[in-house]
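The values are calculated or read from the model by the stated rules, or taken from the named source; none is laboratory data. These numbers were taken from a predicted model, which means no experiment stands behind them. Using ideal geometry, Cβ is built from the backbone for each residue, glycine included, and neighbour counts are taken over all protein chains shown.
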Amino acid sequence: MARVERFELVSLTWGDEERQAAIRVLDSGNYTMGKNVREFEECFARHLGMKYAVMSNSGSSANLIAVASLFYKKENPLKRGDEVLVPCISWATTFHPLHQYGLKLKFVDIDLHTLNYDVKELKKAVTNNTKMIVAVSILGNPCQFDEITKLCSENNIILFEDNCESMGAKFNGRYTGTFGLVNTFSTFFSHHISTIEGGLVLTDDREIYNLLKSLRNHGWTRDQDKDSPIFEKRDDDFFEAYRFILPGYNLRPTEIQGAIGNVQLNKLEEFIGVRRKNAEHFVNLFKDDERFITQKEVGESSWFAFTMIINPELNINRKKVLQKLRDANIEHRIITGGNILRHDVIKYYDYVATKSVNADIAHYNGFFVGNHPYDIRDKIDYLHETLKVI
Ligand SMILES: Cc1ncc(COP(=O)(O)O)c(C=O)c1O
């Protein structure tokens, strides 16, 4: 076996092209959101087969403006107190904007194998009060979108996809992050493509697109479509120059992020191909290992990382396993932040939780190790060797 010193969680995915793109922006003198961001948005939307993309300074900001936009759309807007179904396991900023906008969160347990919604539990959780479902494809693995879209259309429920962990994944041949009315992505450093920090919202709805652009940008009217459906232009240019129509934010990305995003997007499919090859190796090594539950792929995962849950039916000491990983320099983390119900922040939320048995098992018995857009089969062998005796 080749000698491995370290199995890291995150690695740089840039080549000289990204550096050159950043330098071109620095030389241009135009740094704040402009043509590079616009070009990235257009290319990103085209690549995923949707009409509109709005870039923001992070995936968390993408979630924030996506939630906000649903409060300001004309027909059937969300209102404070509306019930939203969310999975127990996701990143904290999937939930925070929902709470901040006064929504009532109803937590649904996950499936221990896919780590996404337990669809049976999701169906049970729907009531006449359910206004929205937030679907999160965990660590590259698509949700069961056939069932979820059916549930939403039959019950007139809005589908919000937080796809921040699963860029490039596909369900029934269609990209995740294209099933929702709004769909969010992250281009943070450790994600499938990196613009240092960054995020995007995708939508096919022109009203929402214009709301997102205003909400990202002080809530003003600059950079609205010419015939934007969300306001009517008046003929006094003095007042039109600074005209505020929504309680928005400044969540704009920079031109450097846009320019780097354009270069990275061209590499996305190649990156995912390599991630999938690494995954094949991981799955082959661990699939029959009854000590661990590894993530069961649904559709085509973009394999953000490799999850391992210590089988709760066996008497294995989790602390000892994690110490082994530490001693071997194998970086690892709790799965996507774990069960949010077990975090202190939950005391601020207005929420309902029925059961979270599987989310607790993933929280207390699970961890993930990194995947990368280059060949890491030697590192996966090293992980396998390290965990041979635990
Ligand atoms: C599911 C999910 N949503 C939102 C985010 C937030 O993205 P960002 O770190 O770009 O703010 C993350 C971050 O990893 C995430 O995993």
Notebook entry, point to check: Mind checking whether some residue in the stretch 336-353 is under 28 Å from Ile272 (Cα atoms) and of a type in the set (S, T, N, Q)?
Noted result: yes
Checklist line | Test: residue in the stretch 145-155 that is more than 10 Å from the ligand (Cβ to nearest atom) and assigned to a strand (DSSP E or B) | finding: no
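Conditions tested, residue by residue: (1) farther than 21 Å from Asn57 by Cα; (2) within 16 Å of the ligand (Cβ to nearest atom); (3) touching a Cys at 6+ places or on another chain (Cβ under 8 Å); (4) modelled with pLDDT under 95.
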position	(1), (2), (3), (4)
Phe160	no, yes, no, no
Phe171	yes, no, yes, no
Arg174	yes, no, no, no
Asn183	no, yes, no, no
Ser194	no, yes, no, no
Leu200	no, yes, no, no
Trp220	no, no, no, no
Lys226	yes, no, no, yes
Glu232	yes, no, no, no
Next item on the list: For the stretch 104-129, name all the residues that are away from the ligand (no atom under 16 Å from the Cβ), free of Cβ contacts under 8 Å to residues at least 40 places away in the same chain and touching a helix residue (DSSP H, G or I) at 6+ places or on another chain (Cβ under 8 Å).
Entry: Val119, Leu122, Lys123
Note to self: Considering only residues that are surrounded by 13 or more Cβ atoms within 10 Å (Cβ to Cβ) and modelled with pLDDT of 95 or more, which ones fall in the stretch 1-19?
What the structure shows: Phe7, Glu8, Leu9, Trp14, Glu17, Glu18
Notebook entry, point to check: Which of the residues that make up the stretch 363-387 are closer than 25 Å to His281 by Cα and of a type in the set (Phe, Trp, Tyr)?
Noted result: Phe367, Phe368, Tyr374, Tyr382
Next item on the list: Go through (1) in contact (Cβ under 8 Å) with a residue 60 or more places away in the chain; (2) part of a helix (DSSP H, G or I); (3) over 20 Å from the mean Cα position of the chain (by Cα) one by one and return the number of the condition Tyr374 breaks.
Entry: (2)
Next item on the list: Would you mind finding the one in Pro312, Pro247 that is in a loop (DSSP other than H, G, I, E, B) and under 21 Å from Asn358 (Cβ atoms)?
Entry: Pro312
Checklist line | Matching option when the condition is without any contact (Cβ under 8 Å) to a residue 60 or more places away in the chain and within 26 Å of Glu297 (Cβ to Cβ), among Phe188, Phe179, Phe171 | finding: Phe179
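Conditions tested, residue by residue: (1) hydrophobic (A, V, I, L, M, F, W, C); (2) within 16 Å of the ligand (Cβ to nearest atom); (3) under 20 Å from Phe286 (Cα atoms); (4) outside any helix (DSSP H, G or I).
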{"position": "Lys324", "(1), (2), (3), (4)": "no, no, yes, no"}
{"position": "Val345", "(1), (2), (3), (4)": "yes, yes, no, no"}
{"position": "Ile361", "(1), (2), (3), (4)": "yes, no, yes, no"}
{"position": "Val389", "(1), (2), (3), (4)": "yes, no, yes, yes"}
Notebook entry, point to check: Could you list, in sequence order, the residues of the stretch 326-343 that are in contact with a strand residue (DSSP E or B) (Cβ under 8 Å, 6 or more places away or on another chain) and either in a helix (DSSP H, G or I) or at pLDDT below 95 (or both)?
Noted result: Ile335, Thr336, Gly337, Ile340, Leu341
Check: Taking the stretch 100-137 as the search range and keeping residues that are of a type in the set (Ser, Thr, Tyr) and surrounded by fewer than 24 Cβ atoms within 10 Å (Cβ to Cβ), which one is nearest to Leu85 (Cα to Cα)?
Finding: Thr130
Check: Restricting attention to the stretch 368-390, which residues are surrounded by fewer than 22 Cβ atoms within 10 Å (Cβ to Cβ) and aromatic (Phe, Trp, Tyr)?
Finding: Tyr374, Tyr382
Notebook entry, point to check: Inside the stretch 48-96, can you point out the residues that are near the ligand (Cβ under 10 Å from one of its atoms) and either in a helix (DSSP H, G or I) or of a type in the set (Lys, Arg) (or both)?
Noted result: Gly59, Ser60, Ser61, Ala62, Asn63, Leu64, Ala92, Thr93, Thr94, Phe95, His96
Next item on the list: Take the residues in the stretch 326-343 that are of a type outside the set (A, V, I, L, M, F, W, C) and surrounded by fewer than 18 Cβ atoms within 10 Å (Cβ to Cβ), then tell me which one is farthest from the ligand (Cβ to nearest atom).
Entry: Asp327
Item checked: Selected residue (only one of Arg333, Arg326 is touching a residue at least 60 places away in the same chain (Cβ under 8 Å), within 22 Å of Ser190 (Cβ to Cβ) and of a type in the set (Lys, Arg)) -> Arg333
